[in-house]
Amino acid sequence: MSERLAILGGEPAIRNQHDELFQWPVFGPEEEAAVLELMRKPNFFDNQTVPAFERDFRDWLGVEYVLSESSGTHAVLGALYGVGVGAGDEVIVPTSTYWASAVQVMSLRATIVFADIDPMTLNIDPADLERRITDRTKAIVVVHMLGYPAEMDRIMQIAARHGIKVVEDASHAHGSLYRGRKVGTLADVAAFSLCGKPLAVGEGGILVTDDRTIFDRAVAWGHNFRFNADEVKDPALLRYAGLPLGGITSRMHNLSAAVGRVQLRRYDERMREIDQAMNHFWDLLADLPGIHAHRPPRDSGSTMGGWYCPHAVYRAEELGGLSAARFAEAVRAEGFHTWTRQCIREPLHLHPLFQDADVYREGRPTNAASGRLVPQGRGDLPRAEGARAFTVPPFKRYEPAVIEQYAALFRKVVEQHEQLHEGDRGDETVQVDERGNG
Ligand SMILES: Cc1ncc(COP(=O)(O)O)c(C=O)c1O
């Protein structure tokens with residue numbers, strides 16, 4: 001392709017909008033009917049829908065215990081309390097993730113220790129996490145970033161060797177397979193967000209485990225109406241039945257559960273179409289330098305589930321050092337609004353909340369609750385700080401002709417990247433501009 005780049009005055013590669021291909025979640029008459037049926041019930045009351053959604057989810061995932069939650073954030077919190085995290089403990093979390101994989105550790109009066117990532121998978125690096133284990137480490141939170149399954153075999157071996165619990169944050173990865181097994185079934189407990197995610201129900205989250213003790217503790221923490229002898233078996237906990245130990249209520253609304261039941265029935269079929277569409281897009285670009293598919297190798301038995309917010313991993317060194325920000329600027333000019341900030345550009349350890357915030361007025365940083373201050377500043381997690389990635393079109397439908405247009409857009413920018421060096425202000429400068437504009 002030899003057309004001039006749009007950012008330099010040429011014609012954009014994409015002129016029409018294709019919003020219908022990117023639309024998510026997809027709601028139809030079945031969701032509407034399910035919601036209306038609930039709204040028409042006397043007093044808006046129903047005690048069937050949430051348990052039914054939990055049964056559906058349990059059968060779909062293949063786990064023993066399922067606890068619906070008001071959000072993914074509360075599911076992670078319940079999982080952390082479930083595995084016994086408390087005052088003085090340390091919990092290892094990847095630094096490149098959404099805050100809700102981490103901040104709840106501080107609510108439980110424990111300390112977050114961030115670990116570095118693999119810049120190609122964007123997932124926690126098992127060797128780095130093992131280096132950060134101390135005798136205070138209670139648990140590891142593993143995130144399957146953007147749907148890409150983390151290296152669970154190695155992580156579970158490390159955890160077993162050190163006697164540490166593992167929480168999967170599977171909020172991006174509903175239906176992703178790790179070596180043929182569904183994520184969310186691979187560790188002690190898993191948490192899923194269900195808000196705006198591959199499986200989207202409105203507001204909601206879900207906790208799953210095969211471990212009765214973890215389930216009991218999670219119920220006791222935030223589900224006062226369920227904290228009774230029917231649901232919780234641990235007699236030591238039942239002494240406190242009726243009041244939530246965490247002083248919160250985390251129940252899912254029945255409207256979310258009603259939507260979830262319909263969405264779940266269609267999910268596998270939709271996931272297959274998304275997978276076909278995204279793999280077609282990336283297969284068309286497999287030979288290009290600089291931009292790399294964020295997906296596991298095809299013969300690995302691992303998959304991307306519903307491809308939550310799909311990304312390209314960017315390697316500036318393969319395009320003569322061109323910044324990711326400048327590359328993204330050129331892509332936007334061609335007609336696709338990519339962005340570079342999602343979860344990757346701002347590793348959590350650099351945020352002041354984990355450095356000096358004294359949230360509970362204790363006269364010391366809240367993240368030093370283990371009694372050991374673990375300072376982690378710029379340069380300490382270099383691969384996360386250096387990782388570059390940007391969003392690619394999130395195709396929800398398989399329409400090869402349109403997918404090919406978008407692939408041609410990315411090919412055009414890669415093939416003509418040399419024209420972009422002039423005017424490249426580097427990643428940090430453009431980042432400030434993006435913030436200022438945003
Ligand atoms: C990795 C991860 N964990 C947890 C959450 C929290 O989920 P929610 O927004 O449902 O509380 C999110 C939400 O985006 C997330 O991306």
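The values are calculated or read from the model by the stated rules, or taken from the named source; none is laboratory data. Since the structure is predicted, the reported quantities are computational estimates derived from the model, not experimental observations. Backbone-built Cβ (ideal geometry, glycine too); neighbour counts: all protein chains shown.
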*Check Gly72, Gly62, Gly78, Gly82 and return the single one that is touching a residue at least 12 places away in the same chain (Cβ under 8 Å), away from the ligand (no atom under 16 Å from the Cβ) and surrounded by 12 or more Cβ atoms within 10 Å (Cβ to Cβ).*
Gly62
*Restricting attention to the stretch 25-59, report how many residues are closer than 30 Å to Phe410 by Cα and loosely packed, with under 15 Cβ neighbours inside 10 Å.*
1
*asked:* Criterion first (in contact (Cβ under 8 Å) with a residue 60 or more places away in the chain and either of a type outside the set (D, E, K, R) or within 12 Å of the ligand (Cβ to nearest atom) (or both)) does Pro94 satisfy it?
replied: yes
*Kindly indicate whether any position in the stretch 385-393 is under 30 Å from His421 (Cα atoms), modelled with pLDDT of 95 or more and part of a loop (DSSP other than H, G, I, E, B).*
yes
*Tell me, yes or no, whether the stretch 316-323 has at least one residue that is of a type outside the set (Ser, Thr, Tyr), under 24 Å from the mean Cα position of the chain (by Cα) and in the same structural domain as Asp424 (by TED's automatic domain parsing).*
no
_Check on Val259, buried (at least 20 other Cβ atoms within 10 Å of the Cβ), under 20 Å from Thr73 (Cα atoms) and among the aliphatic types (A, V, I, L, M)_ = yes
*Within the set of pairs 6+ apart or on separate chains, which have a first residue in the stretch 326-337 that is more than 11 Å from Val414 (Cβ to Cβ), a second that is charged (D, E, K, R), and C-beta atoms under 6 Å apart?*
Arg326/Asp424
*Checking Gly371 against (1) in the same structural domain as Ala286 (by TED's automatic domain parsing); (2) at positive phi; (3) exposed (fewer than 15 other Cβ atoms within 10 Å of the Cβ), which test does it fail?*
(1)
*When only residues in the stretch 180-198 that are touching a Leu at 6+ places or on another chain (Cβ under 9 Å) and surrounded by fewer than 24 Cβ atoms within 10 Å (Cβ to Cβ) count, which is nearest to His74 (Cα to Cα)?*
Thr185
*Considering only residues that are touching a Phe, Trp or Tyr at 6+ places or on another chain (Cβ under 7 Å) and of a type in the set (Gly, Ala, Ser), look in the stretch 174-199 and name the one that is farthest from Val219 (Cα to Cα).*
Gly175
